[in-house]
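The values are calculated or read from the model by the stated rules, or taken from the named source; none is laboratory data. Computed from a predicted structure; not experimentally measured. Note that we place each Cβ from the backbone using ideal geometry, even for glycine, and neighbour counts take in every protein chain shown. What goes into the accessible areas is simple: the full protein's heavy atoms, side chains included, and nothing from ligands, DNA or RNA. Shrake-Rupley method; radii C 1.70, N 1.55, O 1.52, S 1.80 Å.
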Amino acid sequence: EAHLQVAQVCKTYASPRGATHALQDITLDVPAGRFVSVVGPSGCGKSTLLRCIAGLDRPTSGEIRLNGEPIVGPSANTGIVFQRDLLLDWRTILQNVLFTTDCRGQPRAAWAERARDLLDLFGLENFHHRYPWELSGGMRQRVAICRALLDEPKLLLMDEPFAALDAFTRDDLNLELQKISLQTACTTIFITHNIGEAIFLADQVVVMDRRPGRIALVLDIDLPRPRR
Ligand code: ADP
Ligand code: ADP
């Protein structure tokens, strides 16, 4: 359960050529379990917003809270998937999924079953002991999603996770992600520049503007389809 609140967030990057206002007065209230897609043209501030929510970057002003607690840095409550899968070539698929809990020094035995179940859910049951370079792009990104979901994060953040994949693989992954998100009830922020994908997955679509860093429109999606 994670209630995400973004309140009047501004982010300004300073450079010798002047300031870039990447986010300007962003306010969003995302109730627990909601799936929100963020769409908008390149450079409108989507990734900056996600990095701030992830605690990987700090807003210049404003505040971001998860269940009322300010987000001040990376947290175990948050799973992240980027466009690049960032799998480690010297670890097997199973070991890649176990990366975060390994880093925390938690025993493999405690997490291996969950890791295997997640991989199986994504149709990767025959690939536990293979290496990333043996897998297709779509399969690698499925592994990255499993890694992000391993320790049951409250918040799942995805930054153009399928942008590098072909249209067919992308459709498959959208269906699988929809299925998984109906099961997990993770609060999810999904960045994409594909409006069809945004609408297919989300309860709500936030459209960011060409005037950089602003929200232009918030659409509630109410399609007849499975609900949480
Ligand atoms: P999007 O994800 O929508 O393409 P970004 O959040 O990446 O947009 O970028 C928003 C704006 O902030 C852009 O003008 C970009 O050049 C600028 N920007 C992003 N990150 C940095 C940074 N680390 N330093 C300076 N400017 C940045
Ligand atoms: P794409 O290959 O376009 O990224 P998918 O990731 O959906 O598409 O893969 C389609 C299917 O092809 C997978 O379910 C898998 O069974 C098979 N496949 C893809 N790459 C490999 C591989 N390196 N080794 C064995 N089977 C593979």
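Across all directions, the average flat footprint of the convex hull enclosing the Cα atoms of the range 133-228 is 7.2 nm². Comparing 181, 47, 15 in a Gaussian network model of the chain where C-alpha atoms under 10 Å apart are linked, the largest mean-square fluctuation is found at 15.
For the range 65-112, the set of chymotrypsin sites (Phe, Trp or Tyr not before Pro) satisfying both a DSSP loop assignment and a count of at most 16 other C-beta atoms within 10 Å is given as 90.
If you build a Gaussian network model of the chain, linking Cα atoms that sit under 10 Å apart, which residue out of 91, 51, 104 swings the most? Judging by the Gaussian network model, the answer is 104.
To the nearest ten degrees, helix 167-184 and the longest principal axis of the Cα atoms of the chain are 90 degrees apart.
For the range 1-152, the Cβ-based charge dipole about the Cα centre amounts to some 440 debye (Lys, Arg positive; Asp, Glu negative; other atoms uncharged). For the chain, a Gaussian network of Cα nodes joined below 10 Å ranks 83, 183, 95 by mean-square fluctuation, and the top entry is 183.
Once you keep just the Cα pairs under 8 angstrom separated by 6 or more residues, what percentage relative contact order results for the range 87-223?
Relative contact order for the range 87-223 comes out at 19 percent.
Element breakdown for the chain at a 1.4 angstrom probe: carbon and sulfur atoms account for 52% of the accessible area.
Based on protein heavy atoms only, the range 42-170 ends up with 47 Å² per residue of surface accessible to a 1.4 Å probe.
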